[in-house]
Ligand code: ADP
């Protein structure tokens, strides 16, 4: 869920760089734009100046023409002639100033105009025009006819020659102005385009990736919040359930123990009370184990103990443990192999048993009549063991099946009320199945008709293992009944600092005929071990004087042929590994039932 800080840093860097580049770009374009604009304004000013000058010249030409015509009608009028000469002088000055202006530095652009004026011989034409005007002004010696001809020439030169040329030049300037305006317009568009491109570039290269990451992070966060909310809701429900699940057996245990204090109780009433206390205590224990398992799964601390195991033993023991329940409910209960299975597979025996036990236990729990069938097959190509657990029970609705593998979820509240349970079994089993290299799924289910779960695990079959030829139809249990175990003649040492524990274990094992000795501390145990040759030792780990590990070392030093089993309240896998590494031959956990203790001891004495 960690946000990509690197990306943010990179984006900031890119943003700064692109910001600087964009700024430079925009400034460059804007400066160029400003420069062109400035030029245009300058051009406009010059054009205005030029127009003024040309207009002045045209007015002067006009004045000279009018005055010349007046001189023609009144040739003797001295004042008119003087006026004409004055106008000619002004006009001449204007023309000179105009030419200088055209050539001045600031009007370099107008050199072209100057050239036009030169090409069209404006200077000569103006000179000729002025000379004609001057001759009219000094017309004393000229005949009336000569003056007439001169005036006509002046009029002609004024209207066609000079006027046209000046108009031509004006037209040229106007064209140039329009061209500049167009350039300016194009430049504005380029400016807009560049800014747009910059935006697109910034978006694609900088923001797009950031934006999509923000979106996906946002989705993840929303998902996460929803999950956390639903997990917290499930956990609240779970706590309510758990509290109910714990209180129910506790009520029975406390109530019946109180009842047992009553001396007037008849024998069968006592037996019934004891059996109820025992059942409920076992139920509590399995509840605690499930809670421990799920907390290990949630904190990723499940340890798998892979080794070569005998496959038939798994099915045999599950069948043996659950057949009583099937018999009670009169359910047809069978195990069979679909094809030939490997004799040994490489997996965690305890975990595989736990999964199958949970699935078959559920199948029996949710089936009131019909069958529960466990069918196994081996897929050689993928080296997978597949176990189908089929029942003809209550079935699961589509809506329920979506939630079943989530921890703390049950089919529905009604199922929970009727059948009890914590809703942890399937979640634990699925995680464990995945831990064993496979999976657990519902293959098919129909409400009222039944359900089939399919479990796959990686078989890890070694090349040397046999593939069993004869598929066994039914695993008729070879499980030893603990009531039948006879350990007469065997000497067993029970070491536990808690006296009530050792008394209880003594009572359990004495029923087998074994001779039991008790030690209440490590030192006492070592001493007894050195004095007597026992057949087996049950050794507690946590003791006040010397602990189980130290006692083991001392005992083994004296005689290392006797099986020594750890009998401890530490149920974690880490502790099991530790005891195995220390040299204990087995690891039994407290609380322990008479059955498990007797069979555990029997199993190790047989070896
Ligand atoms: P629980 O301890 O409550 O049984 P599980 O995780 O083992 O928890 O099962 C969860 C739920 O799945 C059960 O409450 C039940 O509704 C449903 N379920 C499991 N197995 C079966 C089955 N074989 N048939 C019908 N429903 C089942």
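Any read-out appearing in this document is the output of simple, stated calculations on the displayed coordinates, not a laboratory observation. A quick note: this is a predicted structure, and the numbers were derived from the prediction, not measured. With ideal geometry, Cβ positions are generated from the backbone for all residues, glycine too; neighbour counts draw on all protein chains shown.
Worth pointing out:
- Gain on full stretching of the segment that runs from residue 402 to residue 232 - 0.36 nm per residue minus C-alpha separation: 59.4 nm
- Principal-axis tilt of helix 349-365 within the chain, Cα atoms, nearest 10 degrees: 80 degrees
- Order by protection proxy (mean Cβ within 10 Å, highest first), peptides 212-221, 589-598: 589-598, 212-221
- Theoretical FRET efficiency, 1/(1+(r/R0)^6), r = Cβ-Cβ of residue 593 and residue 221, R0 60 Å, to 0.05: 0.80
- A simple spin-label model places pseudo-atoms 7 Å from Cα toward Cβ; at residue 104 and residue 138 they are separated by 3.2 nm.
- Our estimate of slack between residue 308 and residue 449, defined as 0.36 nm per intervening residue step minus the Cα-Cα distance, is 47.0 nm.
- Ranked packing of 451-457, 503-509, 78-84, most packed first, by mean Cβ within 10 Å: 451-457, 503-509, 78-84
- Label-point gap, in nm, between residue 24 and residue 481 - each point 7 angstrom along Cα→Cβ: 9.5 nm
- Calculated translational diffusion coefficient of the chain (4 °C, 1.567 mPa s; Stokes-Einstein with Kirkwood radius over alpha-carbon pairs) equals 37 µm²/s.
- Between the Cα long axis of helix 548-558 and the first principal axis of the chain there is an angle of about 50°, rounded to the nearest 10.
- At full extension, residue 38 and residue 298 could sit 86.2 nm farther apart than now, given 0.36 nm per residue minus the alpha carbon distance.
- Expected 222 nm ellipticity per residue - DSSP helices of 4 or more, -39500 (n - 2.57), all of the chain, to 500: -21000 deg cm²/dmol
- In the chain, the longest principal axis of the Cα atoms and the axis of helix 78-103 are about 30 degrees apart.
- Ordering of 334-340, 534-540 by packing [mean C-beta count within 10 Å, highest first]: 534-540, 334-340
- Inter-probe distance in nm under a simple model that places probes 7 Å from Cα toward Cβ, at residue 264 and residue 204: 9.6 nm
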